[in-house]
Each structure stands twice: as C-alpha cells, then as structure tokens.
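The values are calculated or read from the model by the stated rules, or taken from the named source; none is laboratory data. The model shown is predicted, which means the values in this text are computed figures rather than measured ones. Cβ coordinates were reconstructed from backbone atoms using ideal geometry, including for glycine residues, and neighbour counts include every protein chain displayed. Heavy atoms of the whole protein, side chains included, go into the accessibility calculation; ligands, DNA and RNA do not. Shrake-Rupley method; radii C 1.70, N 1.55, O 1.52, S 1.80 Å.
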Amino acid sequence: MIWIFFALLAAMFDATYYMLIKRYVPTIDKILLSAATFTLSGILLLLISGIKGLPVLEPGFYSAVLITGILNIVAAVLYFQAFQDTDLSLAVPMLSFTPVFLILPSFIFLGELPTFRGSIGILLIVGGGYLLNRRLGFTHWLDPFHQMRQHPGILAMLGVALIFSISIPFDKRVVIHSDAFFGSSVIFLFVGISLFLLALIQKKDIKTIVRQNGKCFLIALTLTFSVVFVNLAYLLQIVPYVISVKRLSLLGSVVYGKIIFHEANMKQRIVAVVLMIFGITLILIP
C-alpha cells in the first residue's frame, strides 16, 4: 500500500504547483513560463537520473514519449491560460473528471480496470467536481455546465482533464519502459523546448524569462517532486486509482485559494471536496 503514500505526496506537490502558477502567471507570459518550467524540471530529472544511473530503454519508449509530449504541450498551454481567467479553486477541480475519462484509455492502452467499488468512488469524485461549480441561485442541474461555457478558464481545465486522460497511460508506458526519472525528463525537455520554439515563432522576448529564473525554478521544483512520486505510484498500482488519490490536490487548491487568493464561496467548495475524499476512500478499501 506504499503507492498511497507516493500518490498523496504527489497530490501535495501538485496543489503547490498549481498555486504557484496561479500566483505568477499574471506577471509572466504564460508560454515562456510554461517553457521554462518544463525545461528546468526536465533538467532536474535528468540530473537525478544521471546520478542514479541511466536506465536501459525498452521498445515503445520513444513512441510513448512523442504521444504524451505532444498532448502535454497542448494541456500546458490550456491550463496556464485557465489560471489567467478564473479562480484556482474553480479551475483545478475540473481535473477531478480525469479519473472517469481515464477508465477507457487505461483499459485500451494498459489493460487496467477498476473494481465496481472503485468505479463508484471515481463517480463520487466526479460528483464533487460537479458540486464545485454550483452556485447559489442555480435552478437546474445543467446550470453548472452553462457556467463552464461562460467562463473559458473552467472549460479549458475540463479540456485539460480530457487530454490528461489520454496522455497519462502513455506517461505510465514511458515509466515502465525506462524508470521514474529518465522518462519524464525526456518528456519535459521535449515539452519545454517545443514551447520555447513556439515563443520564438510568436516573437516573444525570451530574455524576460531569465529575470524570473527564481520563480520558474520554484515551480519546476514542485513539478519535479510531483511527477517523481506519481511515477513511483504508477509502478505499484493501476492508473485510475493513482490519479484519483492524486486528486486530493483539490483540497490543497481550495485551501490555497482561500488563504492566498482570498477566493469566495469556499464553504460550498469544501463540502464538494469532502465528497471527493469519500470517493477516494472507497477506492482504497480493499
């Protein structure tokens, strides 16, 4: 059951990662910030892998890197943009839909399926994500989805959840065909360098990101810890369960939203997160 410990650590660093993005993205160009974050994290992971010893790469490694790398580029652009448009505690909970979206891709690409009770737990997590978007005065159950259409940041994060549901099985393939460090370093360097090329095409002043190196390094460090711990969990448990536990980061995002960003409607959001935690508990019951 050590995978739970790894997934919880990943959740803690994941919440901090999104909080730091929300804090710094208003003052730094989102493309440059995401490019620097992924590149620095890739370098950190590569250094760790070099110290640990480079793994033997198995067949299927490079194709998995290419697929998840492209998907993560699109996801990164979307969620950096989302944090410019909406509250942290409203945007991040949309990732709660990822475990449900994951069930089919996880079965297709990895042959993994949750149990019946685990599936109920996953649905409860999604129910909590739904409640997080309800506001006082809503009269119809579809109103929260109408709210998503009116707030691009919320809808963008729902798109990120869908993209992650496809990329995560390939993330696990990368880890299986290498190790918990090297594979992710290659993915992050691929994403980071690609985003820097995009910044050059858009004629952005790349020198401006150098002055923000301390902020970028801090974000990259939290991302590095998050990905290492979730990769270790991948090696011990099926993907839908790992990601469901990792979504406890939603609780951290709600707390960060209240303490740091002074976001409103927190009582209702906390109730919704508790529902998600109950769903996760069902997953963990043997």
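Can you tell me which residues in the stretch 248-284 are in a loop (DSSP other than H, G, I, E, B) and modelled with pLDDT under 75? First the steps, then the outcome.
First, pick out the residues of the stretch 248-284 that are in a loop (DSSP other than H, G, I, E, B): 248, 260-265.
Those that are in a loop (DSSP other than H, G, I, E, B) and modelled with pLDDT under 75: 261, 262, 263, 264, 265.
Taking the stated definitions as given, is residue 93 touching a Leu at 6+ places or on another chain (Cβ under 6 Å), within 16 Å of residue 158 (Cβ to Cβ) and crowded, with 23+ Cβ neighbours inside 10 Å? Outline the logic, then answer.
Details: touching a Leu at 6+ places or on another chain (Cβ under 6 Å): yes; within 16 Å of residue 158 (Cβ to Cβ): yes; crowded, with 23+ Cβ neighbours inside 10 Å: yes.
Judged against the criteria, residue 93 is a match.
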Matching residues in the stretch 146-189 (in contact with a Lys or Arg (Cβ under 9 Å, 6 or more places away or on another chain) and open to solvent by 10 Å² or more (accessible area, probe 1.4 Å)) number 5
Those residues of the stretch 196-205 that are more than 25 Å from the chain's Cα centre (by Cα) and exposed (fewer than 15 other Cβ atoms within 10 Å of the Cβ) come to a total of 5
Taking residue 261, is it in contact (Cβ under 8 Å) with a residue 60 or more places away in the chain, crowded, with 21+ Cβ neighbours inside 10 Å and out of contact with any strand residue (DSSP E or B) (no Cβ under 8 Å at 6 or more places or on another chain)? no
If we keep only residues of the stretch 15-36 that are among the β-branched types (Val, Ile, Thr) and within 14 Å of the chain's Cα centre (by Cα), then the residue modelled with the lowest pLDDT is 21
List the pairs whose first member sits in the stretch 96-113 and is within 15 Å of residue 279 (Cα to Cα) and touching a residue at least 24 places away in the same chain (Cβ under 8 Å), whose second member is in a loop (DSSP other than H, G, I, E, B) and open to solvent by less than 40 Å² (accessible area, probe 1.4 Å), and whose Cβ atoms are under 9 Å apart, counting only residues at least 6 apart or on separate chains? 96/132; 96/247; 98/247; 99/114; 99/247
Give the stretch 24-74 a look and list any residue that's within 26 Å of residue 212 (Cβ to Cβ), loosely packed, with under 14 Cβ neighbours inside 10 Å and not hydrophobic (A, V, I, L, M, F, W, C), or say none. 26, 27
